Amino acid sequence: MDTQITDHFADLIALAQTTFEQVDYVTDITPKRAILRFNAKYGSCRVFVTELFSDGLRKYRYYVLRGDWVEAGFDNSPDARAIRLKSGKIGKEHAGEQIPHLHQEDKSKLSLTEEMSFAAFVDWVTANIQPMTH
């Protein structure tokens, strides 16, 4: 992987460290893929982030949990419900298709989104999630 991804990961970590508390991260970079995973605290919430670059694709998972309850989870996985919501059906032509979407209300509510960056996720969290403390 190139230095652009290394720099990108460093920028994500720096933003996380200025926004959240107790940021614990790990990177795993090989010539074919690069992964950044971290977890952090946002008040009483836990934040889990994964970014993966592989095969020319960027995959991401950005989640905020309050206890075990999913307050919000942005990702672009080939989720069957997201594919059905976008395409009306799940067929071979959509198998494995990355669909940006948002899980809310402990994953009982799903809506389609635009592609999400970590900076946009941070903006969304700080605008929409109250970081209540115990």
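The values are calculated or read from the model by the stated rules, or taken from the named source; none is laboratory data. Note that the coordinates shown come from a computational prediction; the quantities given were computed from them, not determined experimentally. Neighbour counts run over all protein chains shown; Cβ positions are idealised from the backbone, glycine included. These area figures cover heavy atoms from the full protein model, side chains too; ligands, DNA and RNA do not enter into them. Shrake-Rupley method; radii C 1.70, N 1.55, O 1.52, S 1.80 Å.
Considering amide H positions built from the backbone, and no H for Pro or chain starts, which residues 5 or more places from residue 113, or on another chain, come under 5 Å of its amide H?
101, 102
Listed here are the pairs 41/86; 41/107; 86/109; which of them are more than 23 Å apart at the Cα?
From the list (41/86; 41/107; 86/109), the Cα-Cα distance tops 23 Å for 41/86.
What figure in square angstrom, to the nearest 10, would you give for the accessible area of residue 15 with a 1.4 Å probe?
Taking all protein chains as shown, residue 15 has close to 50 Å².
Using a cut-off of 12 Å between beta-carbons, work out the net charge of the residues near residue 46 (Lys and Arg +1, Asp and Glu -1, residue 46 not included).
-2
Report the Cα-based extents of segment 1-108 along its three principal axes, largest first, to the nearest Å.
Between the extreme Cα coordinates on each principal axis of segment 1-108 lie 41, 37, 15 Å.
To the nearest 20 debye, what is the magnitude of the charge dipole of the chain about its Cα centre, counting +1 on the Cβ of each Lys and Arg and -1 on the Cβ of each Asp and Glu?
Dipole about the Cα centre, nearest 20: 500 debye.
If I build a Gaussian network model for the chain, linking alpha-carbon pairs within less than 10 angstrom, which residue out of 67, 56, 43 has the largest mean-square fluctuation?
56
Over the chain, with a Gaussian network built from C-alpha contacts below 10 Å, which listed residue (79, 11, 28) shows the highest mean-square fluctuation?
28
Can you give the calculated 222 nm mean residue ellipticity of the chain, where each DSSP H run of n ≥ 4 adds -39,500 (n - 2.57) and the sum is split over every residue, rounded to the nearest 500 deg cm²/dmol? Working shown, then result.
On the way: 3 runs with 36 residues, N = 134.
The helix contribution divided over the chain gives -8500 deg cm²/dmol.
Amide H to amide H, which residues 5 or more places from residue 107 or on other chains are under 5 Å from it, using H placed in the peptide plane?
Those qualifying (amide H under 5 Å, at least 5 residues apart or on another chain) are 70.
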